[in-house]
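Novice: Have a look at the structure that comes next, please.
The values are calculated or read from the model by the stated rules, or taken from the named source; none is laboratory data. Fair warning: this is a prediction, and the values are worked out from it, not measured in the lab. Cβ: placed from backbone, ideal geometry, glycine included. Neighbour counts: every protein chain shown.
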């Protein structure tokens, strides 16, 4: 069962990048192990051998669906890894983590292609807020994963230890090394001593196995998948910068595609509009000329904010706070009545032309308001000619 799962992931990696290895199998295996700082004697590991031998039991339908899902971003990610100072084999780490799905989500709250936990994601530069979860952004999450792996390698000095720490945590690997009295891979993954969890023991073998089997192009050819061989040979997406609060519908119309297609390229967006700041999104690569020609954001177009209903709120008061008729908020959120629930999310359209005004609420701080409207604290103070950060409920302030 383990071998079967590993096999279809391995083949996925191979085809995703249209990469046919011409060197003989043993030389390729040695190269992979050396790149991960693993002694080549590990090729005799019995569990590793059993994984590699289970070649003909992969799930073709699932395998092909992964190829279709992953080829869009694959070339860019492979290039990023090639340009970084980490082994190419770590491309397969992403496969082991998520089956190359940006939507992947674990019970432990790990998310995205590289299965980042919230704390680690933010530590390495990924934004997680009301509007976006950049753990689901294939490009930005790969940049973060590269930084994280480089950080782990600097700490542990061996790439296989960095991979193990990525899976089970730095502290767990340090304790394992201390208990074992060595950092030798064969000792650390001993099935009797159990210095590291079973998942981690098989995790490092997964990466090696997938890298070893990456030359098996014959499998795709023998299952009518020849059309996929070259899909990963060129970039499938183009990053474009759009104004704050841009709807994906307006982007889709500019390139003649359904909104669902644009959303599939941008699964890191929590809504069908971009954050209330200028933001970079992705469109199909072959649509970049159409986008440049047809996408013309209007000067008075509306941006959007997400408001969480608090105790005592009403549509009228929320509308007053944002300078809108409450009926507009009601229409935007398809509400059948004026009744609201505490914690309910409301989409608030906000005019971008000129300055906005905000009525200070009980408990507000200037810092919290600056974060809410994505305006720097300094800009907020200058716009309101404030000498300090003291503010008072009921007062109106300008949001530049």
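Novice: Assess whether residue 76 counts as being in contact with a strand residue (DSSP E or B) (Cβ under 9 Å, 6 or more places away or on another chain) and modelled with pLDDT under 90.
Specialist: Working: in contact with a strand residue (DSSP E or B) (Cβ under 9 Å, 6 or more places away or on another chain): yes; modelled with pLDDT under 90: yes.
Yes; evaluated as a whole, the condition is true for this residue.
Novice: If you don't mind, another one. Sort through 49, 64, 93, 57 and tell me the only one that's at pLDDT below 85 and not in a helix (DSSP H, G or I).
Specialist: 57
Novice: Restricting the search to the range 102-112, which residues are surrounded by 18 or more Cβ atoms within 10 Å (Cβ to Cβ) and in a loop (DSSP other than H, G, I, E, B)?
Specialist: Once the filter is applied, which keeps residues that are surrounded by 18 or more Cβ atoms within 10 Å (Cβ to Cβ) and in a loop (DSSP other than H, G, I, E, B), the range 102-112 yields 102, 104, 110, 112.
Novice: So, one more: Checking the conditions here, which among 146, 128, 207, 189 is without any contact (Cβ under 8 Å) to a residue 12 or more places away in the chain and in the same structural domain as residue 73 (by TED's automatic domain parsing)?
Specialist: 128
Novice: Filter the range 314-323 for residues that are out of contact with any strand residue (DSSP E or B) (no Cβ under 7 Å at 6 or more places or on another chain) and part of a loop (DSSP other than H, G, I, E, B) and give the result.
Specialist: Once the filter is applied, which keeps residues that are out of contact with any strand residue (DSSP E or B) (no Cβ under 7 Å at 6 or more places or on another chain) and part of a loop (DSSP other than H, G, I, E, B), the range 314-323 yields only 314.
Residue by residue, here is whether (1) within 28 Å of residue 283 (Cβ to Cβ); (2) modelled with pLDDT of 65 or more holds:
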site: 188; (1), (2): no, yes
site: 199; (1), (2): no, yes
site: 213; (1), (2): no, no
site: 221; (1), (2): no, no
site: 224; (1), (2): no, no
site: 231; (1), (2): yes, no
site: 240; (1), (2): yes, yes
site: 243; (1), (2): yes, yes
